[in-house]
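The values are calculated or read from the model by the stated rules, or taken from the named source; none is laboratory data. Predicted model only: the values in this text are computed from it and were never measured. Methodologically, a virtual Cβ is constructed for each residue, glycine included, from the backbone with ideal geometry; neighbour enumeration extends over all protein chains shown. Note: areas computed on protein heavy atoms with side chains; ligands, DNA, RNA excluded. Shrake-Rupley method; radii C 1.70, N 1.55, O 1.52, S 1.80 Å.
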Amino acid sequence: MKKTYDVCIIGSGITGTLAAEHFVRQGLDVLMVERGKEFYLPDKPEEYWHEEWKFTSDAPLISRNTWNGAEKHFDDLVEIENTRKEFAFHYNMKYGIGGSGAVWSGASWRLTPEDFKTRTLFGYGSDWPFSYEELSPFYDRVEEIFFTSGPKSIPDWPWRNNYKYPAFKQSYLDKVVGDHLAPEFILTPSPFSVRNEPPLEGGCVGAKTCVTKCPANARFRPDLHILQKIINKQNLKILPGTPCLSINPDKKGTIASITVWNNGKPETIKSKYFFLAANTIENLRILLNSDLSPSMTSQLGLGFASHGTMVLSITMEERLYVGRGRPTTSSAINTLNHPARKSLNSFMLEIWNLDFTIGSAPHAALINLRKKERHWGRTLLQKTREADSRFAAVFIFEMEMRRQNRITLSHVKDQFGLPLAKVDFSPGERDRLTFRHLQRTAENLGKKSGIKDVRISGYGLNGNHPLGGYRAGSNPDASVVDPWMRSHHYRNLYILGGGAFSSTGALNPTHTIAALTLKALSDKRISF
Amino acid sequence: MRGGCLQITRRNFLKTMVTLSLSGCGLLSSHDLLKEREFKYFIESLLPLGQEKIETFQSELPSLLLKIGTSKKRELLETYILFRKRYLKAYGKKTAFTLEDGEAVISKMLSDNRVSHMVNSALDSLYFMFLRSRTRDVISWGRPVSKPGFRCLYWEDYDKPVRVQDDK
């Protein structure tokens, strides 16, 4: 007879590893299945530099804040089908042990208290089934586990936090730019799950390779900082390269098993509890591919959204020494709860200590200008210098979670027979108004003293922040999971990740996703 | 070797072979090139950084040359030799060097189909060497790298104002 596990966790990213640690430490029998294979990013950061950087391997590490190079370590990348071109969702999540948590920027914001009750306060969207205050203790715990660095206090940010380390110093660029952006945008040090300790003691080394891999392992990674602590426990079994295809309910209102693809054939795995921790899109693919109750299926995928982004390329009058310090240290969050939030979505401005358009920082600018445009001599130096006055700033804005925006299954299937996710998203009236407002704001920024030019170099949906689709709520007819992320319909199924969000807010969602996971794990109804 | 624009005299050929092929820094350890006026003009035309910075960069060249391959070094030297020849022919009688003269010579070399590939490649090598130099660090970051040998970008001082006088 096949073994029945106590807990089966689908996915090994941030949510999956948090759940695994919780149950493994209780001595329970835990199985973790992960679609991707084990991957280990190279120890030598040079291995994932741009080709051009091999010419300058003695130069300080700069300019690396992209996914380039890391891709090759993920042999099974995610595909998606978009039904619309405008505001298409360019999915950027990863398969592999550690999931996308192995390759994230570390931005560690809490949502604002207002984000939890947009319907009550501003008349749009849906309120969350719990308040910020109820989630706050879980945020505290996440900040401890993730060794978050952040400011002790932020103007207009009255609620407490539990940052383990002080905030990173704002870069020189931030200081120069901040003077010109005020008073509309007040730059504040951003919190990051990155150890703010001296470089030789394991802290950030300013290498700018945060997303791909921190050479000092100073940025939180679930595979390194959680999984490695429990990987040798006898009661934990990990199955990499094992995609989950469906979950199988029984007639008693529980999930009896899951079907996975293991060693070239489908296999069922039984467990007392199932934690779906494979990120919003993957969770929905598995759920929609399962034979679940029609009342649950009818709610799945509804209200999908992500953050809107508008990338600005800003040229200042003076030199900025772009690239000194971390890739980003500051954001303007005084705009999150602006006075017009009843008609316009929440937004924030993130300042990047690099320039996306030229390849960031003078070193990369010189390489690009030389290799691609063949400049030399005076012109080369002049253009390199001009590039050093240019930096990127990104408006991140809330998108309304409209029920007509949804994830369904495509008729196209992946290599394991699991249909791809089909995204049907179009911005609503509020989203369009917000977008136009930000366009005008960008134009006005260009008129400020000290700012030479502002250009919008791109916009779209953030491919790293898929949110909504299995909303948390108290009403089973309008939501998929309850306030503890337990399925309304199957009492041993917990669905983790950003799909449970009721509003996107404008701040990076990772900490909220982790806090929701800890909330789910605190559910007193889980018993063995 | 006579005739053709890539003419290298026996003396220069020997120098090339001895100084470039056998030891990476031999080229400049002999100080022959560094002492040549035209070599300074060549570097200055390609990197008009001002006298002080050019001298700093040139003093770094021996160690920087160690890090590039022999063929690249040869291209660089052959490009310089070509520059010297053309510069002396066109402006040899002038007493003072002007940037415009140097640029005119380089520009013609770049538009000469017979040598433009080599010249472009040599320029790449020179600029990538420049990227590795401390001179470049100071120009880029406003001050030297904080901890030599430790790959860290001004951890201690990345938030401080830069020494703008370095940037003139």
>> When a/c reaches 1.5 or more, the comparison of a/b and b/c decides; with that in mind, is the range A:315-453 rounded, prolate or oblate per its Cα gyration tensor?
In response: oblate
> Over all residues in B:98-110, what is the mean tally of Cβ atoms on other chains that come within 10 Å of each residue's Cβ?
Replying inline: 1
> How much accessible surface area, in Å² rounded to 10, belongs to the heavy atoms of B:R136 with a 1.4 Å probe?
Replying inline: 10 Å²
> By its C-alpha gyration tensor, with a ≥ b ≥ c as the square roots of the eigenvalues, how is the range A:121-226 shaped: rounded for a/c under 1.5, else prolate for a/b larger than b/c, else oblate?
Replying inline: oblate
>> I need the peptides A:514-521, B:76-83 ranked by packing, meaning the mean over residues of other C-beta atoms within 10 angstrom, with the highest value on top.
In response: A:514-521, B:76-83
> Sorted by mean Cβ packing within 10 Å, highest first, what order do the peptides A:238-251, A:274-287 take?
Replying inline: A:274-287, A:238-251
> Which order do A:D291, A:D482, A:D424 take when ranked by solvent-accessible area (1.4 Å probe, heavy atoms of all protein chains), largest first?
Replying inline: A:D291, A:D424, A:D482
> Efficiency by 1/(1 + (r/R0)^6): what FRET value for A:H338 and A:D424, r their Cβ-Cβ distance, R0 = 45 Å, to the nearest 0.05?
Replying inline: 0.95
>> Roughly how large is the A-B contact in terms of buried accessible area, totalled over both chains, probe 1.4 Å, nearest 100 Å²?
In response: 4000 Å²
> Given labels modelled 7 Å from the Cα in the Cβ direction, how far is it in nm from A:K265 to B:K89?
Replying inline: 7.9 nm
> For the range B:33-55 and the range A:445-465, what is the separation of their Cα centres, given in Å?
Replying inline: 40 Å
>> Given R₀ = 25 Å, what would the calculated FRET efficiency be for B:L66 paired with B:S121, taking r from the Cβ atoms and rounding to 0.05?
In response: 0.85
>> Restricted to Cα positions, what overall size does the range A:389-458 have along the principal axes? Three whole-Å values, descending.
In response: 57, 29, 13
>> Please compute, for peptide A:369-378, the average count of beta-carbon atoms on other protein chains lying within 10 Å of each residue's beta-carbon.
In response: 5
> What is the mean number of Cβ atoms from other protein chains located within 10 Å of the Cβ atom of each residue in peptide A:321-327, rounded to a whole number?
Replying inline: 5
> Accessible area of A:Y91, 1.4 Å probe, to the nearest 10 Å²?
Replying inline: 30 Å²
>> Can you give me the accessible area per residue for chain A, using a 1.4 Å probe, in Å²?
In response: 36 Å²
> Per residue in the range A:171-198, which ones lose no less than 50 Å² of accessible surface when going from chain alone to all protein chains (1.4 Å probe)?
Replying inline: A:Y172
> Going toward the positive end of the dipole of chain A, with +1 on Lys and Arg Cβ and -1 on Asp and Glu Cβ, which of A:I80, A:N232, A:F138 do you reach last?
Replying inline: A:I80
> Taking the Cα centre of chain A as the origin, how large is its charge dipole in debye, to the nearest 20, when only Lys and Arg (+1) and Asp and Glu (-1) carry charge on their Cβ atoms?
Replying inline: 180 debye
> From the Cα gyration tensor of the range B:96-140, with a ≥ b ≥ c the square roots of its eigenvalues, which class applies: rounded if a/c is under 1.5, or else prolate if a/b is larger than b/c, or else oblate?
Replying inline: oblate
> Given Cα pairs under 8 Å that are at least 6 residues apart, what percent is the relative contact order of the range A:388-438?
Replying inline: 35 percent
>> Taking R0 as 41 Å, what FRET efficiency do you get between A:K448 and B:L110 from their Cβ-Cβ distance, rounded to the nearest 0.05?
In response: 0.50
> For a label point 7 angstrom out from the Cα of A:K85 toward its Cβ, which stretches of the range A:413-451 have the backbone nitrogen within less than 19 Å?
Replying inline: A:423-427
> What do you reckon, how do A:H489, B:H117 stack up by accessible area (1.4 Å probe), largest on top?
Replying inline: B:H117, A:H489
> Taking Cα pairs under 8 Å and at least six residues apart, what relative contact order does the range A:278-402 come out at, in percent?
Replying inline: 37 percent
